[in-house]
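One structure is given below, encoded as structure tokens.
The values are calculated or read from the model by the stated rules, or taken from the named source; none is laboratory data. As the structure is a computational prediction, the values presented were derived from the model and not from experiment. Glycine gets a Cβ as well: all are built from the backbone with ideal geometry, and neighbour counts include every protein chain shown. These area figures cover heavy atoms from the full protein model, side chains too; ligands, DNA and RNA do not enter into them. Shrake-Rupley method; radii C 1.70, N 1.55, O 1.52, S 1.80 Å.
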Amino acid sequence: MQQLPNSSRRQFLGLAGGAAVLGALPVVIVRPAEATPAMLASAIQNVTGGAAVQSGKVKLDIPPLVENGNTVPMTVTVAHPMAPEDHVRSIHVFNEKNPQPNIANFHLSPHNGRAQVSTRIRLADSQKIVAIAKLSDGSFWSASVDVVVTLAACTEEVI
Amino acid sequence: MTSALINVPAKAKRGDIIEIKTLMSHIMETGYRHKASGEVVPRNIITGFTCRFNGNEIFRTDLFPAIAANPFITFFTTATESGKFEFEWTGDQGFSETASASISVE
């Protein structure tokens with residue numbers, strides 16, 4: 001007689017588990033491949049105005065492992081000609097976990113000849129850095145890099 | 001006397017793509033730090049950098065607190081004619097600095 005309650009319990013758990021999996025599945029599908037905090041997404045939305053961002057063309061050079069987040073060298077290169085009729089109009093760099101999602105906007109012109117900029121940035125935590133390039137034809141291209149930071153910047157106490 | 005370091009080649013051939021390196025001495029206080037007593041240290045950053053060549057803007061940058069202290073910015077430009085590069089940094093608390101460099105193009 002003990003068999004029956006046990007098996008029905010097992011059936012019930014099996015069904016519950018199945019339902020949970022079914023319930024969780026749409027959530028997994030809705031999320032993008034890399035989960036991005038809302039702030040980063042809205043900062044990118046501000047720049048692109050909702051236009052599709054394609055991956056490619058942009059190369060983001062940044063060390064994958066950073067000891068000190070106060071000074072992190074970064075270079076963005078866009079593999080695109082800088083002709084007057086077809087050039088890179090701007091490069092925007094964003095982060096995921098600093099207090100502000102923006103890092104810098106670079107406005108270029110055909111006079112630059114090469115779409116490459118370098119600077120040094122601060123990182124408050126291990127996070128994803130995203131660079132987006134806007135071309136003169138209105139298309140957007142991006143690249144992202146995950147950076148591990150061992151000593152964080154930005155919010156330390158002043159002594 | 002300006003607190004900027006500029007690296008522009010003195011000479012270039014016409015059509016060469018040259019690199020311009022700029023370094024401005026500035027604390028770039030983020031506005032997110034606290035003193036030991038708990039009060040917030042007010043933000044003091046450079047918010048904009050512009051480069052003009054013979055009066056025409058060729059490169060401009062908007063900066064945010066995520067830029068490291070002493071902002072270092074490099075970019076490229078095509079040498080088309082001899083002339084003068086003018087650099088301008090502007091920021092919080094009325095910060096404004098300029099620098100210039102000349103190039104002779106053959």
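Observations on the structure shown:
- Cross-chain or 6+ apart pairs with Cβ under 7 Å, segment B:83-106 first and surrounded by 13 or more Cβ atoms within 10 Å (Cβ to Cβ), then among the basic types (Lys, Arg): B:GLU86/B:ARG52; B:ASP92/B:ARG43; B:SER100/B:LYS84; B:VAL105/B:ARG14
Okay, residues lined up against (1) in a loop (DSSP other than H, G, I, E, B); (2) more than 11 Å from every other protein chain (Cβ to nearest Cβ); (3) of a type in the set (A, V, I, L, M, F, W, C):
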residue	(1), (2), (3)
A:GLU67	no, yes, no
A:PRO81	yes, yes, no
A:ARG89	no, yes, no
A:PHE94	no, no, yes
A:PHE106	no, no, yes
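- Apart from one condition, A:VAL130 fits all of (1) over 30 Å from B:ALA36 (Cα atoms); (2) surrounded by fewer than 22 Cβ atoms within 10 Å (Cβ to Cβ); (3) more than 11 Å from every other protein chain (Cβ to nearest Cβ); the exception is (2).
- Note on segment A:108-122: residues that are more than 7 Å from chain B (Cβ to nearest Cβ) and open to solvent by less than 40 Å² (accessible area, probe 1.4 Å) total 1.
- Qualifying position, being open to solvent by less than 30 Å² (accessible area, probe 1.4 Å), touching a Lys or Arg at 6+ places or on another chain (Cβ under 8 Å) and of a type in the set (Val, Ile, Thr), among A:VAL78, A:VAL47: A:VAL78
- Odd one out for A:ASP125, checked against (1) within 14 Å of another protein chain (Cβ to nearest Cβ); (2) in a strand (DSSP E or B); (3) of a type outside the set (Ser, Thr, Tyr): (2)
- Scanning segment B:43-55 for residues that are under 15 Å from the mean Cα position of the chain (by Cα) and either within 24 Å of B:ILE17 (Cα to Cα) or surrounded by fewer than 21 Cβ atoms within 10 Å (Cβ to Cβ) (or both) yields a total of 7.
- Here A:PRO73 does not qualify as more than 22 Å from A:MET39 (Cα to Cα), outside any strand (DSSP E or B) and either of a type in the set (Lys, Arg) or more than 7 Å from every other protein chain (Cβ to nearest Cβ) (or both).
- Scan of segment B:25-42 for residues that are under 28 Å from the mean Cα position of the chain (by Cα) and aliphatic (A, V, I, L, M), ordered by number: B:ILE27, B:MET28, B:VAL40, B:VAL41
- Where strands (runs of 3 or more DSSP E) sit wholly within chain B, those with at least 1 residues that are more than 8 Å from every other protein chain (Cβ to nearest Cβ) occupy B:4-7, B:17-24, B:46-53, B:83-91, B:96-105.
- Residue count for segment A:53-65, restricted to those that are loosely packed, with under 14 Cβ neighbours inside 10 Å and either more than 14 Å from the chain's Cα centre (by Cα) or not in a strand (DSSP E or B) (or both): 4
- B:ILE58 vs. criteria of a type in the set (A, V, I, L, M), surrounded by 15 or more Cβ atoms within 10 Å (Cβ to Cβ) and within 16 Å of A:ARG120 (Cα to Cα): no
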